[in-house]
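First up is the structure itself, then whatever we jot down about it.
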Amino acid sequence: MTRDYSEAGDHLISTRPVLVSRYRWFTRANHWIIAATTILLMLSGLAFFHPALFGLTALFGGGQMARWLHPFLGLVLALGYLLIFIQLVARNLPRRDDVVWVKHFRDVMDQNEEKLPTLGKYNAGQKFVFWAMAGLILLLLGSGIAIWQEYFPDLVTIPDRRIAVLVHAAAAVLMGLVFILHVYAAIWTRGTLRAMTRGSVTGGWAWRHHRKWLREVAGRNRGKPAK
Ligand code: HEM
């Protein structure tokens, strides 16, 4: 083997990577409450969706218990999402960079980051998930209250209740699809999960995927020693 490029003393030095804080504990706790309630809502909802899936109610202590619990889980999800919505809405507003990012979707899939625009805290895909979840949770909440007969028996007419059942089921199916997209993207983009588990990402991850955000965070701390 020829040694044209390096001198004898050149070698790799491994050091701990720079970490960038992305989510505080409260946001992470809220996010995982939202994730858990969504999974429980899907399992109990599927049980009401088709008789073949009724067996899933066993996870909740039977049919009556599942039926009683389901709307309350929905309220927990709506409240948790409202908090995350208020906190993150400003960073999820559409920007010109998002259009460029979407036009280069092929490069996103091929992981050609150098051809993509530098981005703030979120990319257009993440923003889509944010707004889709917000709209679908609102639909599920409205239609869910309309069919919550235990507490709101006379809120809507019977024909309107039939429409609400349909809207509720359709929104739940769409939410399942967006959920799969979100989890898949979080796993596929290596190094992302730790943002929601440990609260931080590596500097390399931030440079690669959200460079404007990294520059802003680094600029804010300029002159201060790294913690
Ligand atoms: C097991 C299921 C889930 C996993 C593994 C997961 C994973 C993650 C990860 C890793 C992030 C950080 C992404 C980043 O900052 O770049 C994130 C952010 C987020 N997640 Fe989840 N998540 C799950 C379920 C959910 C559910 C059910 C919802 C909503 C109902 C949700 C809503 C969000 C929102 C709104 C953000 C902030 C990103 C944005 O505003 O665009 N997640 N999730």
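The values are calculated or read from the model by the stated rules, or taken from the named source; none is laboratory data. If you're wondering where the values come from, they're calculated on a predicted model, not measured in any experiment. Counting neighbours? That spans all protein chains shown, and the Cβs are built from the backbone with ideal geometry, glycine included. Ligands, DNA and RNA are stripped out before the accessible areas are found, and what is left, the full protein with its side chains, is counted by its heavy atoms. Shrake-Rupley method; radii C 1.70, N 1.55, O 1.52, S 1.80 Å.
Data table
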item	result
Candidates 73, 88 - the one that is within 16 Å of the ligand (Cβ to nearest atom), in contact (Cβ under 8 Å) with a residue 40 or more places away in the chain and either open to solvent by 50 Å² or more (accessible area, probe 1.4 Å) or assigned to a helix (DSSP H, G or I) (or both)	88
Count - residues of region 51-70 that are assigned to a helix (DSSP H, G or I), open to solvent by less than 80 Å² (accessible area, probe 1.4 Å) and closer than 21 Å to residue 149 by Cα	6
Top-ranked residue of region 97-152 - restricted to ones that are of a type in the set (D, E, K, R) and within 13 Å of the ligand (Cβ to nearest atom), ranked as nearest to residue 73 (Cα to Cα)	127
Filter result for residue 37 (in a helix (DSSP H, G or I), touching a residue at least 40 places away in the same chain (Cβ under 8 Å) and surrounded by 17 or more Cβ atoms within 10 Å (Cβ to Cβ))	yes
The lone exception for residue 177 - which of (1) open to solvent by 40 Å² or more (accessible area, probe 1.4 Å); (2) aliphatic (A, V, I, L, M); (3) touching a helix residue (DSSP H, G or I) at 6+ places or on another chain (Cβ under 6 Å) it fails	(3)
